[in-house]
Each structure stands twice: as structure tokens, then as C-alpha cells.
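Chemist: Attaching a single structure in C-alpha cells format; questions to follow.
The values are calculated or read from the model by the stated rules, or taken from the named source; none is laboratory data. The structure presented is a predicted model; accordingly, all values stated were derived computationally and were not measured. Every residue, glycine as well, gets a Cβ built from its backbone with ideal geometry; the counts of neighbours run over all protein chains shown.
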């Protein structure tokens, strides 16, 4: 099985671990997420790291990721580097390695420094954070700022934004970043980036939309309408999927 890899120059001493990541990953016990892909925490050179193992893609994507576009692990690494250059928080990238079988992409791994956090935006929307109103406003500000820098997180969802409180200052960090676009974003388009935020309380979405509108100097009523409509569309889509699954 052949391979290719990219290593952050700061972590050049991790080369041996990167080359042996399959064995290291399989022997690691601390899994923090397991679905289509799996994330495990491992300690390398005394540093707590997160290793993300990407599921082997199906045949068509194996060809596509080998010859026509970057694989998900490589995109994760490249996007982390880009975000860091833009001064947008994301776990520090260490390296990425891709393994090839019969000339096509098979297994791939992305390694980053583990980033501790206090909660995710999910807990904010579920009102498990006492300062959820203030956090929502700060989150709207963060979103507007990354949009101003031309960053569009395709998987901008409740579990993919980590929040840390530092001396009454909110630090937001992006994860699950293999699908990102870097482009000019109009404020009204920016509001649709909240399309995966399904809140139990519409007032949360109103707070979010109103704060974004204030920063972007756009019509607040229209902004609220856009965000609420996006939420209703998501709710309807999820409801239909659940009914289809239940009918099987």
C-alpha cells in the first residue's frame, strides 16, 4: 500500500508517527466520535492529539479523490492551514496522510492538536448555558467576521463550533472543516449559513439574525425572515426523512 503525506513543518518530529498512524489509531482506546468517520484521542510526543480516520470512499469517489480533487483528509489539513492564516481559530493541524490500494485512495487520516473547550453551540441552543443570549450575540459577531474574511463553512452546524470562555471573552473554534469555500459573501447570503441551526425557540434565531443584521447594516426584519425560513425548511426536511425511514 503506497502513501503520500503532508506534515506541518512545526511538527516535523512527528513524521514516524504519521507514517505509522494506522497502527497507532487501531491501538488507541479513546474514541470521541464514531459514525461515518471516527475520531480518537492519542498522545504523541507528550502532546494530546486528535486523529480523524476517514471512511474508505466508494469506488467512484476513490477515483475522483485520486485523480481529480483532493480527498477529505487533505482538504481538512489545507483548510486548517488557511483558517490559521486568516486568524480564525481551528485546532492546529499537525499532518495528513493518505494510503492507496491498487492505485486508488483508500484510508486517510488527519491529525490535529486536541483543543479543550467549555461547550459547543449545541448546548447554547439547548439553553444549557446560562449566558446563552450573550453567547448567541457573540456567535453572530463571530459568524459575520468569518464571512467578512470570505470563509464559508459548508457544515456549519451545532456540533461543529467549539466555545471557550477566556476572561469573559468568547473564543469560537471551527471543526469538521473538510468542506469549506473561500469566497466573497453578501450579508443576506451569509444569513443562509445558519441553515443547519434548528432551534427549539425561534427567539434564539431572532437574536442571532438581529445581531448579524446590525453588524452588516442590513434590514433586521428581512434578516430574521431569512433565518426563520431556513430553520423551517430544515425542520420540514428532517420530518420528511424521519417519516420515510419510519415507513420502511
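Chemist: State all residues of the stretch 205-229 that are over 20 Å from residue 148 (Cβ atoms) and under 21 Å from the mean Cα position of the chain (by Cα); if no residue qualifies, say none.
Modeler: Matches in the stretch 205-229: 205 only.
Chemist: Just the residues that are within 25 Å of the chain's Cα centre (by Cα) and assigned to a loop (DSSP other than H, G, I, E, B), please, taken from the stretch 1-19.
Modeler: 8, the sole residue that qualifies.
Chemist: Please go through the stretch 155-175 and give me each residue that is without any contact (Cβ under 8 Å) to a residue 60 or more places away in the chain, in contact with a helix residue (DSSP H, G or I) (Cβ under 9 Å, 6 or more places away or on another chain) and outside any strand (DSSP E or B), ordered by number.
Modeler: Scanning the stretch 155-175 gives 156, 157, 158, 159, 160.
Chemist: Of 145, 123, 134, which residue is surrounded by fewer than 20 Cβ atoms within 10 Å (Cβ to Cβ) and either touching a strand residue (DSSP E or B) at 6+ places or on another chain (Cβ under 6 Å) or over 30 Å from residue 72 (Cβ atoms) (or both)?
Modeler: The match here is 134.
Chemist: So, one more: Just one of the numbered conditions (1) more than 13 Å from the chain's Cα centre (by Cα); (2) exposed (fewer than 15 other Cβ atoms within 10 Å of the Cβ); (3) within 25 Å of residue 235 (Cα to Cα) is not true of residue 154; which one?
Modeler: (1)
Chemist: Could you please find all residues in the stretch 199-235 being outside any helix (DSSP H, G or I) and touching a residue at least 60 places away in the same chain (Cβ under 8 Å)? So that I can check it myself, show each step before the final result.
Modeler: Of the stretch 199-235, the ones outside any helix (DSSP H, G or I) are 199-201, 217-219.
Selection gives 199, 200, 201.
Chemist: Determine whether the stretch 95-102 contains at least one residue that is assigned by TED's automatic domain parsing to the domain that holds residue 9, outside any loop (DSSP other than H, G, I, E, B) and surrounded by fewer than 16 Cβ atoms within 10 Å (Cβ to Cβ).
Modeler: Taking the stretch 95-102 first, the residues assigned by TED's automatic domain parsing to the domain that holds residue 9 are 95-102.
From the residues that got through so far, the ones that are outside any loop (DSSP other than H, G, I, E, B) too are 95-101.
Now narrow it down to the ones that are surrounded by fewer than 16 Cβ atoms within 10 Å (Cβ to Cβ): 101.
The answer is yes, given that some residue of the stretch 95-102 is assigned by TED's automatic domain parsing to the domain that holds residue 9, outside any loop (DSSP other than H, G, I, E, B) and surrounded by fewer than 16 Cβ atoms within 10 Å (Cβ to Cβ).
Chemist: Hey, could you check the stretch 106-151 for residues that are assigned to a strand (DSSP E or B) and more than 25 Å from residue 84 (Cβ to Cβ) and say which is nearest to the chain's Cα centre (by Cα)?
Modeler: For the stretch 106-151, the residue satisfying everything is 107.
Chemist: Tell me, please, whether a residue that is in contact with a strand residue (DSSP E or B) (Cβ under 9 Å, 6 or more places away or on another chain), loosely packed, with under 11 Cβ neighbours inside 10 Å and not in a strand (DSSP E or B) can be found in the stretch 39-60. If you could, list the steps in order and put the result at the bottom.
Modeler: Of the residues in the stretch 39-60, the ones in contact with a strand residue (DSSP E or B) (Cβ under 9 Å, 6 or more places away or on another chain) are 39-44, 47-57, 59.
Going one step further and asking which of them are loosely packed, with under 11 Cβ neighbours inside 10 Å, we end up with 59.
When the remaining residues are screened for being not in a strand (DSSP E or B), the result is 59.
Yes - at least one qualifying residue is present in the stretch 39-60.
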